[in-house]
Amino acid sequence: MVIFCVAACAQSQTATGPTAAPSGPVTITFANWAAAETATKDHIAQSIATFEQANPSIKVTSVPIAFSDIGHQLQLQNTSGNAPDVAEIAGNDGLALVQAKALQPLENLLSKSYVDSLLPGEKALGEVQGHLDLAPWTVAPLGFWYNRDLLSKAGLDPASPPKTLDQLTAAMAKIKSAEPDVIPLGLDTTNRTFGLDVNWALMKDFNANPFGGGKATADTPAMGRYLGFIRTLGQNGYTVPNQKIGYFRPLAAQGKVAFQFDGPYLQGVIQSVNHQSNADFYKTWGVTTLPAGSSGKHFSTPTDHQLVIFRSSRQKAAAAKFVEWLSGSKQAITDYTVRYESSLPPVKNAISTFPTELNTPVFKAFSSQVVPVVTRPAWGDTYTSGYSAVMAGVQKAIAGSEPISQIQTEMQSELRIQLGG
């Protein structure tokens, strides 16, 4: 297909093209957490080796850095003048590097054929003030998973998951009554940027933003309604407060979680625990969009992995070839993105182009329902400074008895301190 000729197209460009082959052997460094994790380290190494075979003038040195450390480490390396050529990044860490002016804008570095192949929404997630600073790699928005067996046991229609928050609240009450040992909703409410990422789409359901326009706005009625919903989850035992999303995944595999707000990779986690066949998994689990608030609109948050090139790189052409290959080549998408990241590729017409790999109920639901409603959180310096105050308030709301209005006042005060006004 035309949109997947990235590697071949890049190789055939003239020396004046944005990703023209380097004139001699070069080495680029690639900082990533894929090489630091047991589940993916061998497979990203094989993907890199395949790229090197296709591009013998480029060698890639993979530098493993843990996911929890990579944002901070890249900031330190950039400050010390020792940044890698290419890095894997996600969420707020990417926007923080943009605001630190560490990254090379990509619109004139990557080939037009590659940029044109990208899904507009995925391309937009990497754009800041008119520049493409982050190239999309793996597409993994948060979807609303539901266990059909548990819905049936609670007397709910297994083919019709909740479409609104009111319907969700009613469904959770029925599940809690019928199956007391089941957790109605798996929701990350930890005090970390990822915790706020997960809750961002839920806040959007209430038209809430704790720091709209870069200022403290935690005292609005919308934030009060969101925190009131969070209070309901905790008081009624609809979730387990202040747990990482990873806490709920093995329980979901055991049939102990009815709904879960999680990415497409949940399927792989569940099957690694309970060893369900694909057919049995699709019979048990479905996925759709997060139930809507009063506006009727649905929202999702991206947990995508992105690729960046640092301004300090002396091998930008080689780095660009590598980024295009990892993100857009048919071989990398088939052999790594889908198979080992359990994610969609960031390219147009992915389902029809990869019918064997992506023609599943889960991938089709993510592609047609979830990806179109993705909204980028207010990542950047404000997010970095303010997330802890917000999630501290969320934790008080879900696990405590302090009045919501008082929680809002405390959150507002702390955000003013952190954000400078």
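The values are calculated or read from the model by the stated rules, or taken from the named source; none is laboratory data. Since we're looking at a predicted model, the values are computed, not measured. Because the Cβ atoms are built from the backbone with ideal geometry, glycine has one as well, and the counts that use them run over all protein chains shown. Only protein heavy atoms, including side chains, enter the accessible area calculation; ligands, DNA and RNA are left aside. Shrake-Rupley method; radii C 1.70, N 1.55, O 1.52, S 1.80 Å.
Among the residues of segment 337-356, those that are open to solvent by 60 Å² or more (accessible area, probe 1.4 Å) and part of a helix (DSSP H, G or I) comprise Arg339, Tyr340, Ser352, Pro355, Thr356.
Listed here are the residues, each with its yes/no results for (1) at pLDDT below 95; (2) more than 29 Å from Pro161 (Cα to Cα).
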{"position": "Pro361", "(1), (2)": "no, no"}
{"position": "Val374", "(1), (2)": "no, no"}
{"position": "Asp381", "(1), (2)": "yes, yes"}
{"position": "Val390", "(1), (2)": "no, yes"}
{"position": "Leu415", "(1), (2)": "no, yes"}
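The single condition among (1) in a helix (DSSP H, G or I); (2) at pLDDT below 95 that Gly421 does not satisfy is (1). Any residue at all in segment 374-392 that's touching a residue at least 12 places away in the same chain (Cβ under 8 Å) and in contact with a strand residue (DSSP E or B) (Cβ under 6 Å, 6 or more places away or on another chain)? For segment 374-392, residues touching a residue at least 12 places away in the same chain (Cβ under 8 Å) and in contact with a strand residue (DSSP E or B) (Cβ under 6 Å, 6 or more places away or on another chain): present. Within segment 25-46, residues that are within 18 Å of Ala318 (Cβ to Cβ) sit with their Cβ atoms under 8 Å from residues that are aliphatic (A, V, I, L, M) and assigned to a loop (DSSP other than H, G, I, E, B), at 6+ positions apart or across chains, in these pairs: Ala31/Ile65; Asn32/Ile65. Scanning segment 380-403 for residues that are hydroxyl-bearing (Ser, Thr, Tyr), surrounded by fewer than 16 Cβ atoms within 10 Å (Cβ to Cβ) and more than 11 Å from Arg231 (Cα to Cα) yields nothing.
What are the residues in segment 293-305 that are within 27 Å of Val98 (Cβ to Cβ), among the polar types (S, T, N, Q) and open to solvent by 10 Å² or more (accessible area, probe 1.4 Å), if any?
Step one: list which residues in segment 293-305 are within 27 Å of Val98 (Cβ to Cβ), which gives 299-305.
This time we only want the ones that are among the polar types (S, T, N, Q), so: 300-301, 303.
Scanning segment 293-305 gives a single hit, Thr303.
The residue that is surrounded by the fewest Cβ atoms within 10 Å (Cβ to Cβ), among those in segment 85-125 that are out of contact with any strand residue (DSSP E or B) (no Cβ under 7 Å at 6 or more places or on another chain) and farther than 25 Å from Arg314 by Cα, is Pro120. Listed conditions (1) more than 17 Å from Gly91 (Cα to Cα); (2) out of contact with any Gly (no Cβ under 9 Å at 6 or more places or on another chain); (3) open to solvent by less than 60 Å² (accessible area, probe 1.4 Å) are all met by Ile417, apart from (3).
If you go through segment 94-118 and keep only what is free of Cβ contacts under 8 Å to residues at least 40 places away in the same chain and either within 22 Å of Trp200 (Cα to Cα) or not in a helix (DSSP H, G or I) (or both), you end up with Ala100, Pro105, Glu107. For segment 155-175, the set of residues classified as in a helix (DSSP H, G or I), among the small types (Gly, Ala, Ser) and open to solvent by 10 Å² or more (accessible area, probe 1.4 Å) consists of Ala170, Ala173, listed by residue number.
Across segment 53-84, the number of residues qualifying as part of a loop (DSSP other than H, G, I, E, B), open to solvent by less than 40 Å² (accessible area, probe 1.4 Å) and within 28 Å of Trp379 (Cβ to Cβ) comes to 3.
Taken over segment 18-44, the criterion of being within 21 Å of Ser111 (Cα to Cα), open to solvent by 70 Å² or more (accessible area, probe 1.4 Å) and at pLDDT 95 or above is satisfied by Thr27 alone.
Going residue by residue through segment 45-60, is there one that turns out to be of a type in the set (Gly, Ala, Ser), under 25 Å from Ser342 (Cα atoms) and modelled with pLDDT under 95? Working first, answer last.
Of segment 45-60, the ones of a type in the set (Gly, Ala, Ser) are 45, 47, 49, 54, 57.
When the remaining residues are screened for being under 25 Å from Ser342 (Cα atoms), the result is 45, 47, 49, 54.
Next cut, modelled with pLDDT under 95 only: none.
The answer is no, given that none of the residues of segment 45-60 is of a type in the set (Gly, Ala, Ser), under 25 Å from Ser342 (Cα atoms) and modelled with pLDDT under 95.
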